Amino acid sequence: MSDNRVYIFDTTLRDGEQAPGFSMNIEEKIAVAKQLARLGVDVIEAGFPIASPGDFEAVKRVAQEVRGTVIAGLCRANEKDIERAAEALKYGERARIHTFIATSEIHMRYKLQMDPEDVLQAAVAAVRFARNFTDDVEFSAEDATRTDMDFLCRVVEAVIGAGATVVNIPDTVGYTIPEEFGERIAIIMNRVPNVDKAIISVHCHDDLGLAVANSLTAVKAGARQVECTVNGIGERAGNASMEEIVMAIRTRNDLFGLTTGIQTQEIYRTSQLVSRVTGVYVQPNKAIVGKNAFAHEAGIHQHGVLSNPLTYEIMTPESVGVPSSRLVLGKHSGRHALKERLASLGFDLDDETLNQVFGKFKALADKKKEVFDEDIIIIAEEELMAVPRAFELDYIHTTAGNKVLPTATVRLKRGEESFQDSAIGDGPVEASYNAIDRITGVPGKLLSYQIRAVTHGREALGEVTVKVKFNGITVLGRGSSTDIIEASVKAYINAVNKYVYKKKREEQGADS
Ligand code: KIV
Ligand code: ZN
């Protein structure tokens, strides 16, 4: 391994997904994992297998289907957890078992109710046991930044002695500040005698808004793996943001002299995908991937950038893959042209999925003169992450206005059968949702509704994301159309289908 390579360990699917409001179903997790592999992350932490049957299934499927990167599964420091992780990971090309136990006084006393010596023994035993299943074992000392320094060094030394190949120093509660954290890493690097036998990793939470700064300071002090998430999602205030870490290391190569294996031009697309599958939009001023990250509004800035981009631009939008809304195809474009364009955007679709995407593309091109990359990305992703369609929209008619009672008539297909009903509501969207509820017989509680234009202009494709609770189960639905009522209805039907799918999987013993 090269000393100036920083390994990127992505925990979007574990620490990111476990945050409230960020859950993903199994197809979405696989789509994200495949994109993470394309992005070039070194490790994908796919979940916490013992946490639920759904988590187990997700780690297993990611291990089976995603190639070219290490797949990790999290487990506590006990044999049952480790066996479950090993079982989920066993089909992987390269598997890592990531085991952890808390080492701070407060966690040991109040959470674990264990003595420090017992914690140390449990950590060593867990690493040894995990090594029976794989040579790639990571140990995390949870709440390391509030752990007694001498004890932390003893733990690091002992787990390396037991066979840990990566030792992670998490700032679990986002408590530390850069100078202090850098010192902590430096002490470990200098004081632990066998530290050269493992990679020191860091995992920072953003409670004080310092996760990225802390991670970068740790890297300066010798850490060579950074754990992070796309868009910085994660528990509470989130984790260190992958795109910020990677672009800081790249942009300030003069200072760090380090590299990562990330294909930076895949960053934007990964960020958009995670945002779409979680239904959580990226704030416009978010560094690297926000809508305004490369927009120069002030006249004086615009003038400078036009004369020489380097006046105000420290990196280019192209370097992180921000698309320039290129016009791609029109209504006369054929399947072959679409396939080629999708391939250049990184989509390798089987014939059946391509047919579906092509049908939708033709329908869109009929309504919209110009079809952009962003439009076909949305269509392709919708197809790739599609759950079985219990219901499909066949027909929708709504009336609305300032002096009429909004009404909707909806016809849905379920296989060969058709079901139709009408309802009223506060507006055409609510009326349609009421009509769908009458058809399915499962009323949904709308928890959130968001709409955005995928590209610019009046005929832009509108994308609607809804969060709906059916019978206590919350699901996210997405739909797109140039007609926002149709997009809203499609999003709701997508949520219904996800609910039906989730229920069925629960009945079969997998809950994702
Ligand atoms: O924040 C944390 O400490 C964690 C560990 C399990 C690595 O997520
Ligand atoms: Zn964490």
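The values are calculated or read from the model by the stated rules, or taken from the named source; none is laboratory data. As the structure is a prediction and not an experimental result, all values here were calculated from the model. Quick reminder, even Gly has a Cβ in these numbers, built from the backbone with ideal geometry, and neighbours come from all protein chains shown. Heavy atoms of the whole protein, side chains included, go into the accessibility calculation; ligands, DNA and RNA do not. Shrake-Rupley method; radii C 1.70, N 1.55, O 1.52, S 1.80 Å.
I'd like to verify a number: residues in the stretch 83-128 that are hydroxyl-bearing (S, T, Y), over 13 Å from V155 (Cβ atoms) and at pLDDT 95 or above, how many?
Qualifying residue count, the stretch 83-128: 1.
Is at least one residue of the stretch 203-226 part of a strand (DSSP E or B), within 16 Å of ligand 2 (Cβ to nearest atom), within 30 Å of E463 (Cα to Cα) and at pLDDT 95 or above?
Checked the stretch 203-226: no residue is part of a strand (DSSP E or B), within 16 Å of ligand 2 (Cβ to nearest atom), within 30 Å of E463 (Cα to Cα) and at pLDDT 95 or above.
So, in the stretch 121-141, how many residues would count as being touching a residue at least 60 places away in the same chain (Cβ under 8 Å) and open to solvent by 10 Å² or more (accessible area, probe 1.4 Å)?
Final tally of qualifying residues: 1.
Tell me the residue from I30, I50 that is open to solvent by 20 Å² or more (accessible area, probe 1.4 Å) and in the same structural domain as G222 (by TED's automatic domain parsing), please.
I50
Pairs under 6 Å by beta carbon, first residue farther than 17 Å from L364 by Cα in the stretch 483-495, partner of a type outside the set (G, A, S) and part of a helix (DSSP H, G or I), six or more apart or different chains?
Listed pairs, sorted by first residue: Y492/Y433; Y492/I436.
Here is a check on your reading of the model: is N434 out of contact with any strand residue (DSSP E or B) (no Cβ under 7 Å at 6 or more places or on another chain) and in a helix (DSSP H, G or I)?
In short, no.
Being within 17 Å of the chain's Cα centre (by Cα), more than 23 Å from K502 (Cα to Cα) and more than 16 Å from ligand 2 (Cβ to nearest atom), is that true of even one residue in the stretch 74-88?
No; the residues of the stretch 74-88 include none that is within 17 Å of the chain's Cα centre (by Cα), more than 23 Å from K502 (Cα to Cα) and more than 16 Å from ligand 2 (Cβ to nearest atom).
Report the residue count in the stretch 6-39 for those that are of a type in the set (D, E) and under 17 Å from E266 (Cβ atoms).
1
Only one of S241, S333 is polar (S, T, N, Q), free of Cβ contacts under 8 Å to residues at least 60 places away in the same chain and within 16 Å of ligand 1 (Cβ to nearest atom). Can you tell me which?
S241
Would you be able to say whether some residue in the stretch 162-183 is crowded, with 22+ Cβ neighbours inside 10 Å, out of contact with any His (no Cβ under 8 Å at 6 or more places or on another chain), in contact (Cβ under 8 Å) with a residue 12 or more places away in the chain and in a loop (DSSP other than H, G, I, E, B)?
yes
I'd like the full set of residues that are open to solvent by 30 Å² or more (accessible area, probe 1.4 Å), in contact with a helix residue (DSSP H, G or I) (Cβ under 8 Å, 6 or more places away or on another chain) and either within 14 Å of ligand 1 (Cβ to nearest atom) or acidic (D, E) (or both), limited to the stretch 211-236.
Once the filter is applied, which keeps residues that are open to solvent by 30 Å² or more (accessible area, probe 1.4 Å), in contact with a helix residue (DSSP H, G or I) (Cβ under 8 Å, 6 or more places away or on another chain) and either within 14 Å of ligand 1 (Cβ to nearest atom) or acidic (D, E) (or both), the stretch 211-236 yields only E235.
Look through the stretch 75-107, keep the residues that are open to solvent by less than 10 Å² (accessible area, probe 1.4 Å), over 11 Å from A130 (Cβ atoms) and in contact with a strand residue (DSSP E or B) (Cβ under 6 Å, 6 or more places away or on another chain), and return whichever of them is farthest from ligand 1 (Cβ to nearest atom). Reasoning before the result, please.
At the first step, the residues of the stretch 75-107 found to be open to solvent by less than 10 Å² (accessible area, probe 1.4 Å) are 75, 81-82, 85, 88-89, 97-99, 102-104.
Next, only the ones that are over 11 Å from A130 (Cβ atoms) stay: 88, 102-104.
Subset that is in contact with a strand residue (DSSP E or B) (Cβ under 6 Å, 6 or more places away or on another chain): 88, 102-103.
On the way: A88: 16, A102: 8, T103: 10 Å.
Only one residue fits best here, namely A88.
If you take the residues of the stretch 9-23 that are surrounded by 24 or more Cβ atoms within 10 Å (Cβ to Cβ) and hydrophobic (A, V, I, L, M, F, W, C), which of them is farthest from L273 (Cα to Cα)?
Looking at residues that are surrounded by 24 or more Cβ atoms within 10 Å (Cβ to Cβ) and hydrophobic (A, V, I, L, M, F, W, C), I get F9.
On the given criteria, is V159 assigned by TED's automatic domain parsing to the domain that holds F48, over 29 Å from the mean Cα position of the chain (by Cα) and within 14 Å of ligand 1 (Cβ to nearest atom)? Give the derivation first.
Details: assigned by TED's automatic domain parsing to the domain that holds F48: yes; over 29 Å from the mean Cα position of the chain (by Cα): yes; within 14 Å of ligand 1 (Cβ to nearest atom): yes.
Answer is yes for this residue.
Are any of the residues in the stretch 54-69 more than 19 Å from the chain's Cα centre (by Cα) and either within 16 Å of ligand 1 (Cβ to nearest atom) or without any contact (Cβ under 8 Å) to a residue 24 or more places away in the chain (or both)?
No, the stretch 54-69 contains no residue that is more than 19 Å from the chain's Cα centre (by Cα) and either within 16 Å of ligand 1 (Cβ to nearest atom) or without any contact (Cβ under 8 Å) to a residue 24 or more places away in the chain (or both).
Restricting attention to the stretch 191-202, does a residue exist that is assigned by TED's automatic domain parsing to the domain that holds E235, open to solvent by less than 10 Å² (accessible area, probe 1.4 Å) and within 16 Å of ligand 2 (Cβ to nearest atom)?
yes
Among the residues of the stretch 244-255 satisfying the criterion of being part of a helix (DSSP H, G or I) and without any contact (Cβ under 8 Å) to a residue 40 or more places away in the chain, which is nearest to T176 (Cα to Cα)?
Within the stretch 244-255, the match that is nearest to T176 (Cα to Cα) is A248.
When you go through E243, E180 one by one, which is the residue that is more than 24 Å from G40 (Cβ to Cβ) and either within 16 Å of ligand 2 (Cβ to nearest atom) or touching a helix residue (DSSP H, G or I) at 6+ places or on another chain (Cβ under 9 Å) (or both)?
One residue alone meets the criteria, E180.
Is there a residue in the stretch 269-277 that is assigned to a helix (DSSP H, G or I) and surrounded by fewer than 16 Cβ atoms within 10 Å (Cβ to Cβ)?
no
Can you tell me which residue among L354, L412 is in a strand (DSSP E or B) and surrounded by 18 or more Cβ atoms within 10 Å (Cβ to Cβ)? Step through it out loud before you land on a result.
Numbers: L354 fails: in a strand (DSSP E or B).
Within the list L354, L412, the selection yields L412.
Report, by residue number, each residue of the stretch 415-434 that is within 34 Å of the chain's Cα centre (by Cα) and open to solvent by less than 20 Å² (accessible area, probe 1.4 Å).
G427, A431, S432, Y433
Considering only the stretch 357-383, how many residues are touching a residue at least 60 places away in the same chain (Cβ under 8 Å), surrounded by fewer than 20 Cβ atoms within 10 Å (Cβ to Cβ) and of a type outside the set (D, E)?
Qualifying residue count for the region: 3.
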